[in-house]
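For reference, the structure discussed in these notes is given below.
The values are calculated or read from the model by the stated rules, or taken from the named source; none is laboratory data. What you see is a predicted model; the values in this text were computed from it and never measured. Cβ placement follows ideal geometry from the backbone for every residue including glycine, while neighbour counts extend to all protein chains displayed. To get the accessible areas, we keep the full protein, side chains included, count just its heavy atoms, and leave off ligands, DNA and RNA. Shrake-Rupley method; radii C 1.70, N 1.55, O 1.52, S 1.80 Å.
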Amino acid sequence: IASLFKISPDILVPAIIKASNLLFWYGLILLVYLTSKRLFGDRRWAIAAALVSGLLPGSVYNSTIGMENGIFAFVVFLWVYLAARWSWFSPSRDARISTRSELTLGIILGLSCSLRPEGFVVAAVALLYRAISSVGRLEDLAHTLRRSTVFLVPFFILSGGLAYFHYSQTGFLLPASGL
């Protein structure tokens, strides 16, 4: 937000933030629809899921007043949608996820951590699920470790840079909202 004050007139910044949040909120509803359609295979259930997510009173309110919740939710659902589409959760060697896809997913999840500290929880749950689902065959575990390493490089660079910046500015490891 601070950079918006540098590139636009100060008086426009609140309107830009509100408009951005609304656009991301509507993008989130679209991503919920696409993800639900992919998971359920039924357009009616996907519409129902999108309506439910789009009508949550607290989240709708936050997205219209300039809170980052809608943007955070959009980024997390973008990650979930792409991870499902690119078979990120599949431990099998048959899951041919490209290095570019792994890097993209690491960047997206790293960006989620810059929006809200809950991004670290999402990353931990995703990696734990990936690790647990690969246990069983040693070759699947080795394949998953290689894939996860590619994913973790941009994630750690972004989230580590964020943590360092926060600590250098405040002297605290966690933001107040994380405490």
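Points to keep in mind about this one:
- Positive-pole candidate from Trp88, Ile1, Leu31, dipole of region 1-99, charges at beta carbon: Trp88
- Size of electric dipole in region 1-52: Cβ of Lys, Arg +1 and of Asp, Glu -1, about Cα centre, debye, nearest 20: 220 debye
- The residues of the chain expose on average 61 square angstrom of accessible surface per residue, using a 1.4 Å probe on protein heavy atoms.
- Solvent-free Debye calculation, one equal scatterer per alpha-carbon of region 1-106: log10 I(q)/I(0) at 0.18, 0.20, 0.23 Å⁻¹ equals -0.91, -1.00, -1.12.
- Relative contact order [Cα under 8 Å, 6+ residues apart], the chain, whole percent: 18 percent
- Only Cα sites of the chain enter the Debye sum here, all with the same form factor; the resulting log10 I(q)/I(0) across q = 0.08, 0.13, 0.19, 0.20 1/Å is -0.30, -0.78, -1.31, -1.36, listed in q order.
- Taking the 1.4 Å solvent-accessible surface of the chain as the whole, the part contributed by carbon and sulfur is 71%.
- Rounded to the nearest 20 debye, dipole of the chain from Cβ charges on Lys, Arg, Asp, Glu: 460 debye
- Here the gap between Thr170 and Tyr26, fully extended at 0.36 nm per residue and compared with their Cα-Cα distance, gives a gain of 48.4 nm.
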